Amino acid sequence: MGNGTPFASMDSKPLSMSHLKIWFTAGMGFFTDAYDLLIIGFALLIFGAYSIPGFSMGTSILGQSAAAFVGSSAIFAAIFGQLIFGYLGDRVGRKRVYGIEASILVVGALLSAVATNVYLLILFRFIEGIGIGGDYPISATIMSEYANVKNRGRLVSLIFSNQGIGSVAAVAVGLASVAFLPPTLAWRVMLGAGAIPAAMVIYLRRKLPETPRYSLLVKGNAAEAERGARVLGTDITYTQVTAKASSLSKFFRRYWKTLVVTAGSWFLLDMAFYGTGVYSGPIVSAILPISSSLPTQAQLFTKVFEAGIPYFVGFFGYFTAVGLMDRLGRKITQLQGFAMMAVLYVAVAGLAITKGTSITGFAIPAIGALALYSMSFFFIDFGPNTTTFVIPAEVYPTARRTTGHGISAAAGKTGAAITTFFFPALLVSIGVQGILEMLAVVSVVGALLTLGLKESKNQSLEEASREELVSVPVVEK
């Protein structure tokens, strides 16, 4: 339980309002991440339903449709954000960069809302994506380094659960915008609203002290570590200790197997999550067709509503993970999630009646097929979508924790970018059934990779990460 580390008092500190304040400060970025994921899909529905000058999705860019670039530009950018901020979080400290990534996110969201053509929209969403990506390693690490042992999985996954809230908010904003605003304004309101939650916490992020673990084990600053511990109303047990210095090359040699598992499982998970997420509308519409006799606005409203159904189901998956993460453990939670995803994808694909690449019906009522498909979102979130975020914040040493998390998250976003970018072409070439079969295979591979995980529940960060501590006089700065 961490009694052999300087942070025993922090590790045993009961869950408090201080923990929840850090959760709120860190969590708003993930509200925006999920909001952004879903809302761009709704914007694409508007661009497809109406002729808006400058935003034709039929435009070809480098041989791909503009829709592929609009849907994936922020995801590609997030890869750079995760790697850059992951490196900086270890190089200069968590506090030095915290809040900067949220500011970039806000600027990108606001610029996206005022874009005058599809090319500028792609550019501005790329900027926004850098901020989104940067939030992953920094927020996850700050929460894990402040959390107690008993509730660490719960607290870190609670940050990530803001994605569930952001998804529901995106559906609500999307429906309201389509219902009450002209299409030329609706998509701008949708995209601009994503700046609000991140803007709310920039000040709080800049005021949060450096984490005690980074201050003591990396910087050797005992006084700063004590100040950080006082945020939780506790202290450092002893300060005459630091972490054994380790080069980046040594880190890769020592942790490469762990990186393969955390990065590989996140890569596979995001192939499923982002592919079915950004293009939830077309998938659900293939399962539950919308009458073409409805007026355009009514068709669009129905598409937004139907696209949001899986996310309402997934919402409960996030908070099931929060409740059970520290009981079941990370490995079991991730394994059962991948397994159930595979089962549900196979079930929906196997029940489909097709003509060519098009689904013409199901062997069961369509509402039943939709329920099965929506349940895949529950097990994504009560499974690898949450655990792949939590685990890298625990299993790497303090001096390389944001780097390890950033690499793992960037691998995930690479998988997301691949499926999001090629999804429009896949829909045409292999259809929804083929995509679901492909994602079933991806889920099986993810489950097999998960078998290589080492459980980190009920361990201090120093135990879980195999931190090498050495006792030396620490000079207070």
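A few comments on the model shown:
- Scanning segment 227-265 for residues that are in a helix (DSSP H, G or I), of a type outside the set (D, E, K, R) and farther than 25 Å from ALA8 by Cβ yields a total of 12.
- Failed item, numbered, when SER246 is tested on (1) more than 30 Å from SER51 (Cβ to Cβ); (2) hydroxyl-bearing (Ser, Thr, Tyr); (3) buried (at least 18 other Cβ atoms within 10 Å of the Cβ): (3)
- Applying a threshold of 7 Å to beta carbon distances and a minimum spacing of six or more residues, or different chains, the list of pairs starting in segment 253-277 at a residue that is in contact (Cβ under 8 Å) with a residue 40 or more places away in the chain and ending at one that is of a type in the set (Phe, Trp, Tyr) and buried (at least 24 other Cβ atoms within 10 Å of the Cβ) reads TYR255/TYR396.
- Selection count where residues are of a type in the set (A, V, I, L, M), within 21 Å of ASN162 (Cα to Cα) and in contact with a Phe, Trp or Tyr (Cβ under 7 Å, 6 or more places away or on another chain), scope segment 308-343: 2
- Filtering TYR345, TYR274, TYR311 for residues that are in a helix (DSSP H, G or I), in contact with a Leu (Cβ under 6 Å, 6 or more places away or on another chain) and closer than 27 Å to VAL441 by Cβ leaves a single hit, TYR345.
- Criterion (surrounded by fewer than 18 Cβ atoms within 10 Å (Cβ to Cβ), more than 15 Å from GLY434 (Cα to Cα), in contact (Cβ under 8 Å) with a residue 40 or more places away in the chain and among the hydroxyl-bearing types (Ser, Thr, Tyr)) met by exactly one of THR333, THR296: THR296
- Matching residues, segment 442-477, being under 25 Å from TRP256 (Cβ atoms) and either of a type in the set (Val, Ile, Thr) or modelled with pLDDT under 85 (or both): VAL442, VAL444, VAL445, THR450, VAL470
- When ILE290 is tested against (1) in a loop (DSSP other than H, G, I, E, B); (2) at pLDDT 85 or above, exactly one condition is not met: (2).
- The single residue among GLY233, GLY228 that is out of contact with any Gly (no Cβ under 9 Å at 6 or more places or on another chain), surrounded by fewer than 19 Cβ atoms within 10 Å (Cβ to Cβ) and farther than 20 Å from VAL470 by Cα turns out to be GLY233.
Per-residue answers, yes or no, for (1) at pLDDT 85 or above; (2) aliphatic (A, V, I, L, M):
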position: THR5; (1), (2): no, no
position: MET10; (1), (2): yes, yes
position: VAL70; (1), (2): yes, yes
position: GLY93; (1), (2): yes, no
position: VAL106; (1), (2): yes, yes
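- Among the candidates ILE364, ILE353, the residue that is assigned to a loop (DSSP other than H, G, I, E, B) and surrounded by fewer than 23 Cβ atoms within 10 Å (Cβ to Cβ) is uniquely ILE364.
- Among the helices (runs of 4 or more DSSP H) confined to segment 382-477, the ones with at least 2 residues that are in contact with a Pro (Cβ under 7 Å, 6 or more places away or on another chain) are located at 401-429.
The values are calculated or read from the model by the stated rules, or taken from the named source; none is laboratory data. Bear in mind that the values here come from a model prediction, so they are computed numbers and not experimental data. A quick note on method: Cβ atoms are made from the backbone with ideal geometry, for glycine too, and the neighbour counts reach across all protein chains shown.
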